[in-house]
Each structure stands twice: as C-alpha cells, then as structure tokens.
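Below: one structure, written as structure tokens.
The values are calculated or read from the model by the stated rules, or taken from the named source; none is laboratory data. Computed from a prediction, not measured in an experiment: that's the story for all the values here. Cβ coordinates were reconstructed from backbone atoms using ideal geometry, including for glycine residues, and neighbour counts include every protein chain displayed. These area figures cover heavy atoms from the full protein model, side chains too; ligands, DNA and RNA do not enter into them. Shrake-Rupley method; radii C 1.70, N 1.55, O 1.52, S 1.80 Å.
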Amino acid sequence: MEITFGQALYRNFLGQSPDWYKTLLLACLVINPLLFFFVSPFLAGWLLVGEFIFTLGMALKCHPLLPAGLLTLEAVAIGMASAEQVKQELAGNLQVLLLLIFMVAGIFFMKQLLLFVFTRLLLSLRSKILLSLTFCLAAAFLSAFLDALTVVAVVISVATGFYQIYHRVASDAGYAAEEHHQRATLEQFRAFLRSLMMQAGVGTALGGVMTMVGEPQNLIIAHAAGWDFTSFFLRMAPVTLPVLLCGILTSLLVERLRLFGYGVTLPDEVRAILLQNDRETAAQRTTQDRLKLWIQAIIGVWLIVALALHLAEVGLIGLSVIILATALCGVTDEHTIGQAFTEALPFTALLTVFFAIVAVIVEQQLFSPLIAFVLQAEPHAQLSWYYLFNGLLSSISDNVFVGSVFINEAKQAFSQGAIDLQQYELLAVATNTGTNLPSVATPNGQAAFLFLLTSALAPLIRLSYGRMVWMALPFTLVMSLVGFLCIRWLLVPVTDTLMQWGWLAAPHL
C-alpha cells in the first residue's frame with residue numbers, strides 16, 4: 001500500500017533509527033527553544049550539553065552528527081550562540097581539524113608497515129597481560145611526544161586490519177567451522193580487540209598528560225605559565241609519575257583478574273589465521289613490496305621527529321606524510337587517495353558540531369558560577385577544587401576548552417593580584433592534570449576516545465558508549481583518585497624540593 005507523504009517523511013527522518021529515538025529528538029527540538037525563551041537560557045544551555053552527550057551514547061543507533069547537528073543548528077538559529085562565536089571556536093581549534101583531516105589520512109597510507117609490525121608483535125607475545133601492557137606503555141610513550149589522536153588512529157588502523165583478515169577467511173565458503181563455534185570465536189576476538197583498544201586509549205591519557213606536546217591544552221597551559229618542555233615535565237611529575245605507576249598496575253590487575261571486560265585472550269583459530277596470512281603475505285612479498293615497507297618506515301621516522309620537534313602544525317606534517325607515501329609508493333589513483341579520508345571526515349564534521357556546542361557554553365557562561373566559586377576558596381583548597389571541576393567539566397565537555405577557560409581565569413586572577421605567582425603555577429598544574437586524567441571517564445572527555453567511538457571499527461567490535469565508560473571505569477577511579485591525592489598532598493612539597501635543588505626556576509611571564 002502506498003504510504004502518505006507524512007509517513008514517508010517520518011521514515012526518511014534519521015533513516016533506520018528506532019522510532020522512540022526519532023520521537024525523543026523531535027521533542028528536544030521543541031523543548032529547547034521554549035526553555036531558552038520562556039524559562040532560562042542557562043538551563044537551556046545545560047540541557048543542550050546533556051542532549052549532545054546522549055547522542056554520543058546512542059552512536060550505534062545513529063551517527064551523532066545527525067541528531068547533534070540538528071540540535072546545534074537550532075541552537076544557533078534561536079540565538080544560544082552566534083555564528084561568529086562558532087567561527088571563533090573553529091579558528092581557535094583549526095590545528096585539531098587539520099590533524100583529523102590530514103594525519104588520519106596519512107596513517108592510512110602506512111597501513112602495510114603498521115600491520116607488518118603489529119602482526120609480528122601480536123604473534124610473538126602469547127601472554128595477554130604482557131601484550132596489553134605493551135600496548136598501554138607504547139601508547140603512553142608515543143602520546144608523550146606525538147598527539148593522542150595520531151596514536152589512536154594508528155591502533156585503530158592495526159585493529160581494523162586484524163579484523164578484516166579474520167573476517168575475510170571466516171566468510172569464505174571453504175572455512176570449516178560450526179556456526180555456533182564460529183560465532184563464539186568471533187565474539188571472543190571482538191572482546192580481545194576491545195580490551196587492546198581501551199588499553200591503548202588509556203595509555204594515551206597516561207602519557208599525554210606528562211609533556212607539553214602530549215595534548216593540545218597542555219601547550220596552551222605551558223605557554224600561559226611560561227614553561228619549556230623540561231619545566232613542564234618536572235612541574236607535572238609530582239602528579240603524573242604516581243598516576244602512571246598506578247595506571248600500569250591497574251592495567252595489569254584488570255587483565256590478570258579478568259575484570260571490566262579485560263583479560264580475554266586471542267582465540268587459537270584467529271591466531272592460526274593471522275599466522276597463515278602473515279606467512280602467505282611474506283611469501284608473496286616482492287622486492288617492490290619490501291621497498292615500500294622501508295619507505296614507510298623512513299616516513300614513520302620523519303613523522304615522529306617532526307612531531308616531537310614541532311617542525312610544523314600536526315595537520316601539515318600529516319599532509320607531508322600523504323604526499324611522501326603516495327608519491328614514493330606509487331599510489332596515483334584519485335579513488336584510492338579519497339578512501340584515506342573517509343574514516344576521518346565524519347568525525348571532523350562531528351567535532352565541528354561539538355565546537356558549536358562549546359560556543360553555546362561560552363555565550364551562555366555555563367561554567368562561570370563554578371569558576372567564581374573556586375577562586376573564592378582558600379589557596380590550598382583552590383588546588384583541589386580546580387582539579388575536581390576541571391575533571392568533572394572535561395568529562396562532559398571538551399578538555400581543550402575547559403583547560404583554556406580555567407588557565408585564562410587563573411591568569412586573570414594573578415594579573416589582578418588575587419593570587420601570587422607560586423599559586424598561579426600550582427593552579428596551572430591542577431588545570432592540566434584535571435583536564436587530562438578524570439576525562440577518561442567518558443568518550444566525549446577526550447578527542448581520541450571520541451574518535452575511537454565514532455570510527456568504523458567501533459561497531460565491528462561492538463564498542464558502544466556505555467561499554468567504553470564501563471571499561472574505562474577502573475582507570476577513571478584510580479587515575480582520578482591518585483591524581484587528587486597527589487594534588488592535595490604531594491604537589492606543594494615536591495615542587496618546593498625541586499625549587500630548592502635548582503631543578504625549577506621562576507618562569508618569565
């Protein structure tokens with residue numbers, strides 16, 4: 001029977017998403033302007049933030065770009081944020097957008113090398129505990145010098161390659177395995193990949209907090225405080241080193257005791273398939289293929305050196321990787337080059353929407369009451385409150401934005417004489433650790449986690465918003481608590497000791 005235009009429009013709206021989800025989104029689109037105009041713009045702003053987080057949680061029902069984009073378009077249309085403020089937020093975060101567009105695409109052209117290296121690693125380490133620890137530590141080390149998003153993009157590329165190898169063989173008509181057994185093997189393999197991805201993700205947080213180049217907000221805070229690379233590391237060390245140690249112990253514990261979805265081993269059938277694929281690939285590898293691996297390895301060295309020394313913006317370095325990898329490895333087809341951008345562009349669009357939400361937070365001054373409350377507290381209590389509020393707000397907002405707002409408020413308080421230089425430096429440490437550590441609680445807390453959630457890999461391995469929160473929970477509790485205790489009890493005495501030893505000097509602001 002022919003359906004009406006109204007029914008056709010409703011079916012087209014958000015496509016295959018559940019009816020209850022469509023209805024709920026329509027209700028939000030009606031409620032938001034009513035709350036904004038007739039009740040309270042402040043409450044409407046916080047409701048919009050909550051709705052955005054909800055769309056992330058429903059990522060497996062519908063890509064968040066659609067519902068979040070509709071909510072944000074309406075918010076700008078009714079005046080919750082101006083288009084000019086959105087443009088300013090995008091301009092201020094241009095380096096993040098360039099990173100997503102070009103760096104993730106650059107990693108695509110290094111897939112052969114990455115799959116070669118990580119296949120050897122996966123097949124040589126039979127202990128899941130040792131393998132997980134290796135992923136966590138490698139991600140932590142790389143994130144201390146590179147960008148966490150780049151590291152996560154590498155791991156996603158590797159995990160996707162492993163999954164595709166198994167799926168290609170398991171889908172073959174000649175693959176001999178009972179359906180029930182094959183399904184159980186697939187679920188175990190998915191759980192195995194989920195745990196490795198989360199270990200790597202947590203590793204990026206553990207390493208990224210330690211240096212001024214680890215996360216975008218670290219660089220902002222370092223410049224505001226007048227710290228160089230070494231000073232930044234030493235200033236953070238009273239907090240970050242104990243957190244790193246406890247994070248590694250937590251990684252070992254959850255794997256050893258098989259808690260929170262960790263501890264799942266690689267199925268023997270999958271190991272055999274990966275081993276066979278590795279042998280076949282090695283046998284078929286020509287001189288030209290081996291040369292490509294060496295070229296990609298050299299490009300990888302260039303990538304690490306360029307990022308560590310900050311020779312250019314991260315996105316531009318990624319563009320150089322694309323140019324070198326395609327030119328030297330003979331990738332000349334426009335269609336193949338275009339495939340490299342398909343993974344990152346939907347997330348880039350979503351992050352643009354997210355910065356529009358940040359514009360609403362700025363214009364409606366949603367954080368102002370919290371910041372005013374913190375700066376009125378006693379100096380010693382300020383550190384604890386700064387850490388807690390940075391952590392809380394970073395979990396529901398953007399840690400780059402939160403870090404920028406809080407360090408600017410602290411700098412303004414210092415310039416007005418409300419706090420002294422020593423307190424300002426300590427607040428800078430509390431801001432950096434607060435935005436980096438508790439923010440692992442939710443995928444929207446860190447861009448690297450959000451990228452993982454919205455990647456093509458997430459639905460393949462059944463990694464939903466709720467599952468990410470659950471698997472991050474032990475690390476959230478340990479890292480947040482240890483960080484708080486270090487801020488409360490270790491930061492001041494250890495910083496004073498480093499000053500007495502002459503390791504730290506007053507900055508030039």
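General observations
- Counted charge near L457, where neighbours are those whose Cβ lies closer than 12 Å (Asp, Glu -1; Lys, Arg +1): +2
- Estimated from the Cβ-Cβ distance and a Förster radius of 22 angstrom, the FRET efficiency linking F38 and N12 is about 0.10.
- For the pair the stretch 1-46 and the stretch 189-224, the centres of their Cα atoms are 36 angstrom apart.
- Kirkwood estimate for the stretch 368-509, i.e. one over the average of 1/r between Cα atoms, Å: 16.2
- The count of lysine pairs in the chain that are at least 8 places apart or cross chains, and whose C-alpha atoms lie under 30 Å apart, stands at 7.
- Amide H within-cut-off set for S17, under 5 Å, with H built and near neighbours excluded: none
- Mean separation of Cα contacts under 8 Å (6+ apart) over length of the stretch 1-80, as relative contact order %: 30
- Taking GluC sites (Glu not before Pro) across the stretch 307-354, the ones in a DSSP loop with at most 15 further Cβ atoms lying within 10 angstrom of their Cβ are E313.
- Helix-only [θ]222 nm of the chain, DSSP H runs n ≥ 4, -39500 (n - 2.57) each, per residue, nearest 500: -25000 deg cm²/dmol
- For V30, solvent-accessible area (1.4 Å; no DNA, RNA or ligand), Å²: 90
- In this structure W385 has an accessible area near 90 Å², from a 1.4 Å probe over the protein heavy atoms.
- The Cβ shell under 14 Å around A83 holds other residues with a net charge of -3, Lys and Arg each +1, Asp and Glu each -1.
- Charge dipole of the chain about the Cα centre (unit charges at C-beta), most positive-ward option of F145, L426, I357: F145
- Cα gyration tensor shape for the chain, rounded if a/c is under 1.5, else prolate or oblate: oblate
- Dipole magnitude for the chain: about 1120 debye, using +1 per Lys or Arg Cβ and -1 per Asp or Glu Cβ, origin at the Cα centre.
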